[in-house]
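The block underneath contains the structure these notes are about, expressed in structure tokens.
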Amino acid sequence: MMRPSVVVWGVAALLGSAPAARAQVDGQAVYDRWCAGCHGVDGTGNGPAARTMLPRPRDFTTALYQVRTTATGELPTDEDILHVIDVGMPGTAMPGWEDVLSRAERDALVEYLKSLSRFFQGDAPEALDFGSATRGTDEAVARGREVYETVECWRCHGQQGRGDGESAPTLEDDRGVPIVAADLTQSWTFNGGGTVEDIYRRLRTGLDGTPMPTFSDIVDAGVISDDDLWALAHYVRSLSPQRTPRVREVVAAELLTDRPVPQTIDDPAWQTADRFYVPLAGQIVVRPRWFNPRVDGLWVQALHDGQDVALLVSWTDPSESPAPQWADYARRVLEVMGPDDEGAATEPGAPDQLVVQFPQELSEGLERPYFLQGDPRRPAYTWTWQSGGGGVIEGVARGMGSAIPQAPEAQHLRAAAQHEDGQWKVLIRRGLATDDEEDLALPVGRAVPMAFQAWDGDNGERGNQGAVSTWYFLFLRQRTPRAVYVAPPVALALTLAFGVLLIRQTQRSAGAGGRSGPGESAQFEASTSTEDGGIR
Amino acid sequence: MSERPFGTRYALVAVALLVAAGCGGGEPGGEAGGGEAAPMESPVDPATAGHVSAAVTFSGTAPTTAPINMSSERVCAEKHATQPTEQSFVAGPNGGLANVFVYVREGLGDLQFPTPSAAVVLDQDGCVYDPHVLGAQVGQSLTIRNSDGILHNIKASPSENRPFNVSQPVNMDTNRSFSVPEVMIPVQCDVHSWMNAYIGVVEHPYYAVSDANGSVSLEGLPPGDYVVEAWHERYGTMSTNVTVATGQTAEISFEFTDEMAGSYVPIGAPIDLFHPDGHRGVDHP
């Protein structure tokens, strides 16, 4: 981390351009234009947009910076501040500015941010020596799991790292507002970055201003070794997918030819079914809006057997709402995040909820209902599941929150739900066709628009105040025609045979000095074209 | 109060901090020798000194303190014979009020005091901070002890000093110190949300925390006029003037009342340096 910037500075110093450029840029002007909206003109983190953000924007007057290379309580280095400006803080509202502002502007900004706190008057802070990463072997990951137990990360982050530890509901940051324990299964949302090196650094430095402490002292005290801390970083990294999930527009449902769709969540068929990641964002269009969604993504799997389709949707949610130990958390979230919109939730106690939505009718073109549960002209056909044993209900909606459940005799869905280690898994099944004209018949071999919404009741969410996705597609794969498997080998074999014969023929005629008979050649052509015809 | 240039003080503090913190953010078990780094004699002649004895009382309806549910933490629950309650109000049998931080706020002029070489100890025992309210001198080592052997994190959230947040997953000691005066610095454990403590950091040795009888003594003060302040986490601050004479013990009293509930409680408020008028607390007459 340090070396490239040292080089950059060295080069800049040689060229003599950096100081001149810096002198020309007014850090305050840059700040006022790009930063004050959230962080406030006075730098206290109380800009006009701050109320829609949790965590709240950083208060620069306290000089408390989460992502540093310095010990807990120490000031960040200039490079630390620049780094966060450059790449932003994943998992929060803070974007990266590397592509928006020039280097000179960003440097001027660093100086201006420091000027907002009197703590920066002393000597420049020094970065810790982090050494270099150990190898992430299976042994290291296994050892990391042991360290996870020893240093009790699970207290806040939970046994499987989903932020569902017993202390999680009581956490608050330096401003006294609720803060979540990071979901360690989503490395792309880690505030300080998701690489093993990033994780190790956060363990060494802590995240000042949050409940996350430093673990440097226990290494110094010999409670665990530095290698152990690296092992812990490798283990934490291993809880997330190796790569940040790619968003794919089409959720493909494989066809099961030799068995019916799974009826249970732990059916082994799910282990091999493709997983599709669907990001979610707060519903901020229809009032009352919601700026603080807990569920920021779902994993969707789909299978069908020609008769029924089964969807398995999984997502991180620390609690089975409404859980008594989370009631106070929800209340505190509502206190700081409740928008002033009419009808906004004020009391905790709502269940968790998942809505899977389709158009009620498929159009020939690309036209789809409004993504927030349809509109009066184009209704959405919805599957609504709620925690607390309510099962899953079919309905028709003509706008966000307007779903009307279909009559009990017109309900065709089967559901199973499981909450374990901070994760919901909800299985929903339905026949591809139903006897109800109000239902969307799910065609095989055609992309059907599909969208999702999710609520965490213990995060203060209910009504229209939840997380939503845009439209995706569900594609039920067709039975693969046998010809697909038969034709290529046959064609290959024939081509090969033809080639061999041709070579032989040529060799023979060259050796004999004679010509091949036209009859033989015609015979090959005839047989090839016959097979071709058969394939078609 | 103090007109000394910042530089000297910060230099002393910086040296003390370096010794205390070692080079990698804290050397557990290492003595933080603020006194060693800056050997200094006390400027007070014991032969001429006097004392202050304060009686801190509470009158009115005592607030109810919520019991702490430690059922999820068997190790800690077993350390308590009876169910512990939150420590924001602890009164003695004779009207004495405990956990009141009493210190000399004004009157010491430019006197400089050596940093004690002995550390003050903040213990975590039975998922409770012991003591709940404590004092330390600027630069003095604070030893944070985990006697529970389960995870605690110790998060100090000062506003004049720099903060820290340290994890202690096993029985161990960790040392830290504070570089400028601040009354009071809140300390909390995020693992056990009921655990909190307050540390008062001053530049001199004239501070004490009241016991359950409400008694406090400040000993060995040079003769003169002082302003003594008493701080309570629920009832805010009270201050009084006192004159100390050689060989005498001046008696003062602080009577907190239930009417003071909801008062402004200075936490993390500066005493001097940046706010020369003293801290922003509202004094009760």
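The values are calculated or read from the model by the stated rules, or taken from the named source; none is laboratory data. As the structure is a prediction and not an experimental result, all values here were calculated from the model. Because the Cβ atoms are built from the backbone with ideal geometry, glycine has one as well, and the counts that use them run over all protein chains shown.
Can you tell me which of (1) among the β-branched types (Val, Ile, Thr); (2) surrounded by 19 or more Cβ atoms within 10 Å (Cβ to Cβ); (3) more than 12 Å from chain B (Cβ to nearest Cβ) is the one A:Thr70 doesn't meet?
All conditions are met except number (3).
Based on what the data block shows, is B:Asn99 at pLDDT 95 or above, closer than 21 Å to B:Trp194 by Cβ and in a loop (DSSP other than H, G, I, E, B)?
Answer is yes for this residue.
Among the residues in segment A:58-70, are any under 19 Å from A:Glu105 (Cβ atoms) and of a type in the set (Phe, Trp, Tyr)?
yes
Filter segment A:242-265 down to residues that are out of contact with any Asp or Glu (no Cβ under 9 Å at 6 or more places or on another chain) and β-branched (Val, Ile, Thr) and give me whichever is nearest to A:Ser187 (Cα to Cα).
A:Thr244
Name every residue in segment A:110-124 that is surrounded by 18 or more Cβ atoms within 10 Å (Cβ to Cβ) and in a loop (DSSP other than H, G, I, E, B), in order of residue number.
A:Leu116
Considering only residues that are among the basic types (Lys, Arg) and either under 19 Å from the mean Cα position of the chain (by Cα) or over 30 Å from A:Ala330 (Cβ atoms) (or both), which ones fall in segment A:446-500?
Result: A:Arg446, A:Arg477, A:Arg479, A:Arg482.
Mind listing whichever residues of segment A:73-106 are within 12 Å of chain B (Cβ to nearest Cβ) and either among the charged types (D, E, K, R) or surrounded by fewer than 21 Cβ atoms within 10 Å (Cβ to Cβ) (or both)?
Residue satisfying the conditions is A:Glu74 alone.
For segment B:61-78, enumerate the residues that are within 15 Å of B:Gly149 (Cβ to Cβ) and surrounded by fewer than 12 Cβ atoms within 10 Å (Cβ to Cβ).
Once the filter is applied, which keeps residues that are within 15 Å of B:Gly149 (Cβ to Cβ) and surrounded by fewer than 12 Cβ atoms within 10 Å (Cβ to Cβ), segment B:61-78 yields B:Arg74, B:Glu78.
Which residues, taken from segment A:462-483, are surrounded by 14 or more Cβ atoms within 10 Å (Cβ to Cβ) and of a type in the set (Gly, Ala, Ser)?
Passing the criteria: A:Gly463, A:Gly466, A:Ala467, A:Ser469.
Given (1) at pLDDT 95 or above; (2) farther than 28 Å from B:Ile252 by Cα, identify the lone condition not met by B:Glu86.
(1)
Restricting to segment A:157-192, count the residues that are more than 13 Å from chain B (Cβ to nearest Cβ), small (Gly, Ala, Ser) and more than 16 Å from A:Leu232 (Cβ to Cβ).
Selection size over segment A:157-192: 1.
State whether one or more residues within segment A:234-242 are over 25 Å from A:Tyr472 (Cα atoms), away from chain B (no Cβ under 14 Å), out of contact with any strand residue (DSSP E or B) (no Cβ under 7 Å at 6 or more places or on another chain) and part of a loop (DSSP other than H, G, I, E, B).
Yes, that holds for at least one residue.
In segment A:209-228, which residue that is at the interface with chain B (Cβ under 7 Å from one of its Cβ atoms) and in a helix (DSSP H, G or I) is surrounded by the fewest Cβ atoms within 10 Å (Cβ to Cβ)?
Per the criteria, the residue is A:Asp220.
Condition check: surrounded by fewer than 15 Cβ atoms within 10 Å (Cβ to Cβ) and touching a Gly at 6+ places or on another chain (Cβ under 6 Å). Does A:Pro405 satisfy that?
Against the criterion (surrounded by fewer than 15 Cβ atoms within 10 Å (Cβ to Cβ) and touching a Gly at 6+ places or on another chain (Cβ under 6 Å)), A:Pro405 qualifies.
In this structure, does A:Arg143 turn out to be at the interface with chain B (Cβ under 10 Å from one of its Cβ atoms) and buried (at least 19 other Cβ atoms within 10 Å of the Cβ)?
Judged against the criteria, A:Arg143 is not a match.
To keep it simple, each residue is scored yes or no on (1) at pLDDT 95 or above; (2) buried (at least 20 other Cβ atoms within 10 Å of the Cβ).
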position	(1), (2)
B:His232	yes, yes
B:Thr240	yes, no
B:Ala245	yes, no
B:Ala250	yes, no
B:Phe274	no, no
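Can you name every residue in segment A:44-67 that is part of a loop (DSSP other than H, G, I, E, B) and within 12 Å of chain B (Cβ to nearest Cβ)?
Hits for segment A:44-67 are A:Asp59, A:Ala63, A:Leu64, A:Tyr65, A:Gln66.
Which strands (runs of 3 or more DSSP E) does segment B:124-232 wholly contain that include 1 or more residues that are more than 25 Å from B:Pro63 (Cα to Cα), within 11 Å of chain A (Cβ to nearest Cβ) and charged (D, E, K, R)?
Counting at least 1 such residues, we get B:152-156, B:172-176.
Could you please give the count of residues in segment A:125-135 that are over 17 Å from B:Ser179 (Cβ atoms) and surrounded by 16 or more Cβ atoms within 10 Å (Cβ to Cβ)?
Number of matching residues: 4.
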